[in-house]
Each structure stands twice: as structure tokens, then as C-alpha cells.
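See below for the structure under consideration.
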């Protein structure tokens, strides 16, 4: 046989065998199994395909039950079986070898504009919650079991550079992505962020993401200025002259610097968690307040008038710089070193606790940066900032920054000022094989001085100082695990210590005073002193706070679903070791002098004797993506357990969103949350009540003859027991939708929230019978008084209770357009409507009795009907961006659409009153001519005075221009057209909704 004939036969045999293999591969196999062992599925495939499976039963669990339904060729069947089991199936002849999955690698490189690798970029693999710092070449590498991931979402961030994120499909053992470019932040980039964006990959369906680009363009003096970017928020001129506390999704009154603050607004801001570098900044140990048992929670602040020039907006303000009972004062946090902010006003992840009204999540990172020098000049503030990031190669990256701010309420008199000094050091490093261990150490120091100087032209003016010095050290550690159930272990620790001092000094010019330092209940003799002195109020606090949080991330499989499980624990210890209320009884404040109308008195109160507050929490949540009709259903569901004192609270939460089409995604979220009471609410201190019984004051040559004078008083001491205060609770249901079409992006949130068990103060009265003292008719008697009968007195006090209840519903709307190339302009619309319905537990007003009528009403009780406040604001921003000119112009038209409170005329008609002796009198039918209580009628004009009669507009301008790669300028104007409409409220007070124009210029220099 010739060699040619052999070759022909071999070729023919090969062709026949190939056709046979193709026939087998093309054979349609219908495999169905519902909750059957893997062994039975393999047997089905063997019977229908003619192939045999080979495997080691000690390594492969063939008894595990799976669900499969497939109709296709053998490769299609094997591919789906691999997806379900995460086993490796390899065809060899007529055999199919089964083995465990192999390891997979996801790697890549991060480069700058010139293609050079960038070291120390933070790379976050979201599905496994793992972190990696790029090496000196800009490279990164994640290693994981191949069955864990079929796709990966990567996020790249570095301070001073434009962040990036991407999703990549994983296929095979080695997955290398194309180079990721992180350009230096510049308005010369083709694409820049000009407004916040909704990002459903964050903590909740409605999370709003503000990146570094938006922060730099805003000209913000503090975080508070960035909150005006939230849909529905009113835009205020950048200023540091008022206390700034975050209020999210609430239509009640604000928590500004007026001494009388709305308790519903205080509870809202207290329930907003401010989370920096993974740890909440706590205000739980703040006790910078007078005794709330005397004045009530919203009226217990040290306050005073700001002496200012005529016409100043601050001339009539009763100012306070304290922020007890509410959230952190946002003025203290500069925006210099913040990389991004996430505002989760909806239902956040269960890993965040001790909050009821959402979270503001601040992210800071370290990295190599040039020397940045920043100067911002405004008509009422000057800001200096400097920062530098160093790459040590061997020991990671160190970023050092500092800032100084000086601002005035009115530059003409400079009576009121606010100064801020801050410094920060962040050190990011790594260790271990493949940089598995990463850690960022942060050191923060800040000094804040809020001061009202004495007006030399006003002898009654006061000096006030509200100052705080704070130091904090924190550590964020992550350890990446490539094998087993766990994929990441995170440990966050933060310790902070703050010195707070509230000081008020005012001259008192009187004849004499009578005071007492008695601290026990009973009859005591008052002491006489000169009426000319300097009255001092001094409160010293030293809050300390320690927080430890352990976060664990693991993954597991159920069928085709890959679950990311986050679970962990949280511990917080808060205590105040300050001196508290430092009171000199011989120099009382002018409204606490004995024998005047206010009989409630102050005493020294050492807050360092209060035991610290401890909180312990545990959480667990599951994140997974399922396919329904070939569309992604993203689910985040979990719960947390918090223990405060003897109380346990459970907070289940879920965020679910579904892509109905590639363009349209809808979501629903529901969750509970809790917030522990503050130390100032748990331990306000004892309330002392002084009742004058007898006074005989003798004079000698125009001065008091103390030897022949006598003043007797009854001192009552009441120590409130607030151990029964429970954590406040909230419940929120939210629906959301996003739609994207040809770079048009639309987002909408519809929510309903209920806050209950909020902590408020309630005024109560107690009657007491005491001996009635009169002058002794015998001038030669041994004692100058006689006792004739008994007299009833009223004791007044405030007590903390879980009594606040509020329901809020609203809608938020955001729309952004693509750039219209003809005019290089894009547009953004944000709007919101919020409606809050609330019922105060008590509605009372106090009146001074300047008559001799003992039956005259001194405290009137009004109906506690539910009130509804509706607020709506919108803003339209046009952004003209010309990259070649390195120019960005933002022009904002603000619309104040609505601000009204629904009340009823009957709200001002009292239903009862108390007289000076504590007797309560019910009013069945109000008589306008009754001399005892006619003065308590509150006209509808006084009650209904918040309503805005029309829609008002305002206009703002921001311009950013990059002169060179090293130098950029920005100009910011609030109320650019000086448009200040006016309207008169029903109580005849004039309201100007728009503030005066303010101008600012900002210079940034990179060296």
C-alpha cells in the first residue's frame, strides 16, 4: 500500500471522526432537575450524551442539590453547570473531568495623563469589599477563587485626581483590564462633574454623591454649604456666623443660632449621623447648656444680644454658639481635605447605627500631591489652606494639611467673629503578601472660637465666648483574605477629646443682691452682697469619645446567586470630664437674682461625676444580584441590634432596585433606626427653686445694714430621674426611580418617614404649702417676723420624656442634561417638596403677673393639635464648560416655592391656665372679658405667621478659570443681582427671604 493511499485513508478517518464529534456537540440535550442531587444531573447528561464523568468523590460533593433547566448542545449544558456549581468541567475524549475551581486574578494598572503609573491609588473591589494600594508602577492585583465572581466593580480614588469606576466581566484565571487613567483635577478636562449625582451603588437607593470636583467649584466654607445641593434645600449665603447643623428631610424650624430652638429640628439634626473615615462623630457627650430642667431643652442655651450697627441683620438676634441636644456644628469641618461626601437621607446600610435621620458619609484619603495653597476671600471671611502629599515609597503616603479661617458678622464693627484653625495628618501604608494589609492613620486638631466682643458704646452689652479645642486620632485597617468564606476584615478605631468653654460676662449695676448657696431642701437665710459686680456664666466641658468598629465581609453561593455578607460589631464610650456649670452664687446672672420674678436658681454642677455612656451594636446584611427576565435585581437586606443601657432596639433595613429596562431602574427601601439619648438629656442636674418667705432689709447711710437685715427663703431641690429615657426611633419607606436616555439623567425619590419617641422637655408644676411670714408688729421683738397661717406656692420644672412624634413625606427630583455643544452648556434641575406633620406634647405660654390679682393666669395651656408645615424649593443651574479655555461658569436660579404652616384659629384659644399658686383652672367657654385670662388669647395673626405668600427667586453665580496647570481662580457670588423682595407676615414683621449679596474670590496654587 502506498504512502499516498495511507494518507487518504487517515484523512478520511479524521474527517469522519470530526463529523462524529460535531454531531455529538450539536446534539440537543434537554436537562431538567429541581432540587435534585448533582449525582442525578450528571447521570442524565451521561445517558443523553454518551459521555462519562470522572471525578474524585472525596473532593467533589455530588450530593449537593441544584436546580437546572437547559435545552442545548453539550458545551452549553456544561457551561451552565459550571455557572451553577463553580466546578471546572473539561472534556477529554469521551470523558468529562470534574475538578475544583481554580484561582483567578484580576489585575491592572492606574496611570496619569502621560501614561506613567501612579502609586498609592486606592482600588476598591466592591463585591468582596477588598482594598489595594497600587505599587510604584501603578499596578494592582486581586486574587480570589474563580467561583466567587463573574463580574467585578472597581473604584479608583486618589486625592487631587478625578476618580473613576468600572465594571468588568471576569473570564478565566487571568483577567487584566486596560490601563485606568486618573487625570489631575482640572476644569480643562473634557468631562467634569458639576453637580451631585444619584449613585445606587452606594449605601442606599437615594444616596447623593458629591465628589472633589463639585466641592472645589462650590466655594464652600464648611460642609453645611454643600448641603444646599440637596434637592429641596434652600440656598444660603456661605457664612460661619451661625451654628450649622444638618437637617435632612424635615420641614420643621431650623437649628440656627437663636437661643430658642425648635425641639423637632433639634431631634432631626441629632439623629443625622456624621461619619468621617468610617466612624461617626458623636455629640452625645456635649453638655454646654444651662440646666434644661429650669429652662427647657430648646431655651437652655447661654445667649445674648449681638451689639451691631444699626441696620445690621444681627442687631436683634439673641445669639448662642452652643449646639447641645442637636448634631455636630458643621462649621468645625473644613472641606480642604475631603475627597467625597455621600448623603444618605433615605435608608442607609445597617452597619451605621445611632442615627434616625440619615447619614452624611465623609471620605478622606492620603496620597501623593503637589504643594497646594488655597486662599478664599469673601466679604465676611478669609480662608487660608495648605496641604502636601508625600510618597515615601517604602512607608506609604503621608498627607499633611492645615487651614485658618477668620470671619465677621459685620465688617463695619467686627463685634461678632468666628475663627477656625485646623490641622490634619493622614498616613496610608500597607504590609504583608500582595499588600493584603492596608491602614490609614489620621491625626486631627482643631480650634474654634466664636466670640461676641463688648460694645464700648453700650454699657449693657455682654462679652460672650464659645470656644472648643479638639483632638482626634483614628485608624482604618483592612486585611484582604483570598481563601475561605471571609474576603476582608476591617477594624476602625477612633478616640477624640474636646475642650469646650462657654463664657458670658455682663456688668450689673444695682443697689444690692440677695443670694444663697444652699443645696438642701428647707428654709435658709439669704446673704446680702453689693449690687455692683460683673455677672459671669461659665460652662466647661471635656467630652471624650472612643469608638471601635469591626467589619467583616464574606461571600457564599446559593444556586446561581453570589452573596456578599457584611457583618460586624460596634462599641462606643462617651463621657464628659469637664467641670460643668461653674457658678459663683455671689455674682448671679441678672435674671437669677433672688427675690425677682424667676425663682428657679442655678448651682454649681460638676458633670465629671456623671458616669459614661456605653453603646454596643451588632449588624449583618446580605447583598446579592439576581436575574429576573434577564434584568438585574439588586438586593441589600439586613438588620442590626443595638444595646443602650437596659434597652435593646432592632433595626431591619432593605434597599432593592430593579432594572426594568437598560434605561429605567426602580427601587424600594424600608428601614428602622434608633438614636440613644445624650448625656445632657439623661443627667441635666438638680433643679433648685427658691421661694422668698420673709424680707427685712435695713439700711445704714444708704448701704445695706447686713447685721440688722434678714431674708428667709425656702429652697426646694428636685433631682430628675431620666433613667427611663429610651432611644428615639424612626421608620422610613422610600420609592425611587432613575431614567437615563442619551445622557439625560432623571432621578426621583418619594418617601414617608415617621419619627417617634423623640426626646423633648415637658413643663410640670407641683404645689407646696408653706408657713406664711409677716412683719412682727412688735418692733422690740427678738425676731422681726411672725407666722400666720399657710400659703400655697407653685414649683415649676421641666422633665425630659420620650414624647416627640413627627411624620414627614416628600418628593425629591433631579434632572441633568447632556452638554449642548453649540453653546457648551448643560443644565441641571433639582427640586423637592417636604411636608412634616407634628403634634407637640404640650403647648404652653407663660405670662408675667404685674398686678395684685392672685387669680391672674401666669401659664396658659393651648390645644396640642397636629400642625403641618410644607416647604418646597427648586434650583436650575446652567453649566457652561469650555475645556480648551479651561473655563466653567455655573449660573443658578433658585425658586423658593412654598413655606407655610397650617394652623387653626382655635390653636390660640387657651383651654386652661395656672395661677401663681399652682392651681389649674379649666376653660370650657373662653370669655374675652374675663380679667383673669383674657390676656392669654393668641390672635390668629400671631399663630399663622410663617406662611410665605408667593414664589420668590434668587440668583447665584460661580466662575472657575484655570490660568495654568499651577494656578486657578474662582469667583462666587450669592444673590448676584441684589434681588431682595419683601413681604409682611400676619404679625406685621417684615420678612426678606433673600440675604444680602456676598462676594468671594478663591485662588489655588499648586507647586
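Points to keep in mind about this one:
- Filter result (under 26 Å from residue 622 (Cβ atoms) and out of contact with any helix residue (DSSP H, G or I) (no Cβ under 9 Å at 6 or more places or on another chain)) within region 663-689: 664, 665, 666, 667, 668, 669, 670, 671, 672, 673, 674
Yes or no, residue by residue, for (1) surrounded by 19 or more Cβ atoms within 10 Å (Cβ to Cβ); (2) closer than 30 Å to residue 282 by Cβ; (3) modelled with pLDDT of 95 or more:
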position: 571; (1), (2), (3): no, yes, yes
position: 576; (1), (2), (3): yes, yes, yes
position: 586; (1), (2), (3): no, no, no
position: 623; (1), (2), (3): yes, yes, no
position: 631; (1), (2), (3): no, no, no
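- Residue list for region 86-99, restricted to those being at pLDDT 75 or above and either buried (at least 17 other Cβ atoms within 10 Å of the Cβ) or touching a strand residue (DSSP E or B) at 6+ places or on another chain (Cβ under 9 Å) (or both): 87, 88, 89, 90, 91, 92, 94, 95, 96, 97, 98, 99
- Elements of the type strands (runs of 3 or more DSSP E) sitting completely within region 28-91 and holding at least 3 residues that are under 19 Å from residue 557 (Cα atoms): these cover 29-37, 65-72.
- Strands (runs of 3 or more DSSP E) wholly inside region 381-433 containing at least 1 residues that are touching a helix residue (DSSP H, G or I) at 6+ places or on another chain (Cβ under 8 Å) and at pLDDT 90 or above: 416-431
- Some residue of region 136-159 being assigned to a loop (DSSP other than H, G, I, E, B), within 30 Å of residue 886 (Cβ to Cβ) and within 26 Å of the chain's Cα centre (by Cα): yes
Residue by residue, here is whether (1) closer than 25 Å to residue 169 by Cα; (2) surrounded by 13 or more Cβ atoms within 10 Å (Cβ to Cβ) holds:
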{"residue": "41", "(1), (2)": "no, yes"}
{"residue": "55", "(1), (2)": "no, yes"}
{"residue": "59", "(1), (2)": "no, no"}
{"residue": "77", "(1), (2)": "yes, yes"}
{"residue": "80", "(1), (2)": "yes, yes"}
{"residue": "107", "(1), (2)": "yes, yes"}
{"residue": "117", "(1), (2)": "yes, yes"}
{"residue": "128", "(1), (2)": "yes, yes"}
{"residue": "133", "(1), (2)": "yes, yes"}
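- Only one of the listed residues (863, 854, 840) is farther than 25 Å from residue 806 by Cβ and in a loop (DSSP other than H, G, I, E, B). That residue is 854.
- For region 662-677, the criterion of a residue being surrounded by 21 or more Cβ atoms within 10 Å (Cβ to Cβ), modelled with pLDDT of 90 or more, in the same structural domain as residue 527 (by TED's automatic domain parsing) and outside any strand (DSSP E or B) is satisfied by at least one position.
- For residue 928, the conditions (1) surrounded by 13 or more Cβ atoms within 10 Å (Cβ to Cβ); (2) over 24 Å from residue 195 (Cα atoms); (3) touching a helix residue (DSSP H, G or I) at 6+ places or on another chain (Cβ under 7 Å); (4) modelled with pLDDT of 85 or more all hold with the exception of (1).
- Only one of the listed residues (690, 731) is assigned to a strand (DSSP E or B), within 27 Å of residue 519 (Cβ to Cβ) and in contact with a strand residue (DSSP E or B) (Cβ under 9 Å, 6 or more places away or on another chain). That residue is 690.
- Qualifying residues in region 537-559 (those that are surrounded by fewer than 17 Cβ atoms within 10 Å (Cβ to Cβ) and at pLDDT below 95) - the one farthest from residue 484 (Cα to Cα): 559
For (1) touching a residue at least 12 places away in the same chain (Cβ under 8 Å); (2) in a strand (DSSP E or B); (3) under 45 Å from the mean Cα position of the chain (by Cα), each residue gets a yes or a no:
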{"position": "694", "(1), (2), (3)": "yes, yes, no"}
{"position": "707", "(1), (2), (3)": "no, no, no"}
{"position": "737", "(1), (2), (3)": "yes, yes, yes"}
{"position": "746", "(1), (2), (3)": "yes, yes, yes"}
{"position": "766", "(1), (2), (3)": "yes, yes, yes"}
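- Considering 813, 827, the condition of being in the same structural domain as residue 731 (by TED's automatic domain parsing), more than 18 Å from residue 754 (Cβ to Cβ) and buried (at least 17 other Cβ atoms within 10 Å of the Cβ) is satisfied by 813 alone.
The values are calculated or read from the model by the stated rules, or taken from the named source; none is laboratory data. As the structure is a prediction and not an experimental result, all values here were calculated from the model. A quick note on method: Cβ atoms are made from the backbone with ideal geometry, for glycine too, and the neighbour counts reach across all protein chains shown.
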